Amino acid sequence: MIRLGDYNTLKVARRAPMGIYLEGDEGGDILLPAADVPAGSQIGDEIEVFIYLDQEERRIATTARPLVKVGEFGCLEVSWVNRFGAFLKWGLMKDLFCPFREQKKRMQKGEKHIVYVYVDEESYRLVATAKVDRFLEKDPAPYRRGDEVDLLVWQKTDLGFKVIIDNRYGGLLYDDQIFRQLHTGDRLKGYIQTVREDGKIDVGLQQEGYRHAVAFAATLLDYLKAHDGYCDLGDKSDAEEIKQRFQVSKKTYKKAVGDLYRQRLIVLDDTGIRLVNP
């Protein structure tokens with residue numbers, strides 16, 4: 001069974017002037033255009049390809065890797081708009097369609113939106129929707145406090161940013177957990193803080209407590225070695241200045257400094273910290 005909008009590993013069936021045909025299913029063999037055919041491909045070879053629909057709504061293969069596939073969330077830019085909807089850039093020759101009914105607000109050329117990709121059951125077409133909420137899992141999340149997860153930044157709120165966790169769950173990243181500039185569409189690592197009884201999930205961008213301080217201590221040590229053994233940030237430095245330079249809280253910075261000091265790797269003075277052996 002060929003998975004539309006996904007990667008499939010298919011055998012080369014035969015050659016043709018426009019490329020090669022790959023063994024399909026009851027829907028027939030699928031063309032891989034000549035520009036995408038790997039050098040040296042022979043009949044019987046297996047090739048991993050992405051299957052989508054061409055301008056004539058026929059299945060076609062490509063070795064290109066789109067920005068998002070069926071069942072995934074992604075941030076895509078609007079390429080053009082017509083009277084039926086918007087067309088989004090996703091890394092393939094044919095843009096991805098998002099009909100007006102699947103838009104939360106009318107999309108405009110050049111904008112970027114978080115969307116989910118699915119196969120429309122009635123038309124058997126690949127479709128994007130900006131109404132992503134209904135595709136987030138509602139079952140209780142299996143996470144524990146401190147678990148590392150992948151985050152997709154979704155949208156700004158009064159409390160922080162909504163995020164999509166591991167391409168499955170919705171979550172919230174509070175403002176006081178953010179130590180760097182974030183934008184819709186950013187992908188980054190995060191850590192589970194709380195899974196609430198109502199199923200809502202809070203995440204942070206830093207490991208909690210001592211583990212994060214130890215990890216940052218190594219980063220700070222590398223910084224000192226790259227800057228002649230000196231850093232002009234100390235106990236009395238402004239928390240915002242520490243955040244801007246290292247993307248960590250002042251509390252984490254002080255813990256890391258304490259760890260390096262206990263290891264006798266640094267000395268402290270009124271202006272900052274210095275390596276013992278720069």
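The values are calculated or read from the model by the stated rules, or taken from the named source; none is laboratory data. Note that the coordinates shown come from a computational prediction; the quantities given were computed from them, not determined experimentally. A quick note on method: Cβ atoms are made from the backbone with ideal geometry, for glycine too, and the neighbour counts reach across all protein chains shown.
General observations
- Segments classed as strands (runs of 3 or more DSSP E), wholly inside the range 1-114, with at least 3 members that are within 25 Å of the chain's Cα centre (by Cα) and either under 27 Å from THR129 (Cα atoms) or modelled with pLDDT of 95 or more (or both): 7-16, 46-53, 73-81, 85-89, 96-99
- In the range 148-191, the residues that are more than 19 Å from LYS112 (Cβ to Cβ), modelled with pLDDT of 95 or more and hydrophobic (A, V, I, L, M, F, W, C): VAL149, ILE165, LEU172
Yes/no per residue for (1) crowded, with 18+ Cβ neighbours inside 10 Å; (2) farther than 26 Å from VAL117 by Cα:
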| site | (1), (2) |
| --- | --- |
| THR9 | no, no |
| ILE30 | yes, no |
| ALA39 | no, yes |
| ASP45 | no, yes |
| ALA61 | yes, no |
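- Condition check for GLY40: among the small types (Gly, Ala, Ser), within 22 Å of LEU92 (Cα to Cα) and not assigned by TED's automatic domain parsing to the domain that holds VAL119: no
- Taken over the range 115-149, residues that are assigned to a loop (DSSP other than H, G, I, E, B) and either without any contact (Cβ under 8 Å) to a residue 60 or more places away in the chain or not hydroxyl-bearing (Ser, Thr, Tyr) (or both) amount to 19.
- In the range 173-204, the residue that is surrounded by the fewest Cβ atoms within 10 Å (Cβ to Cβ) out of those that are outside any strand (DSSP E or B) and under 15 Å from the mean Cα position of the chain (by Cα) is HIS183.
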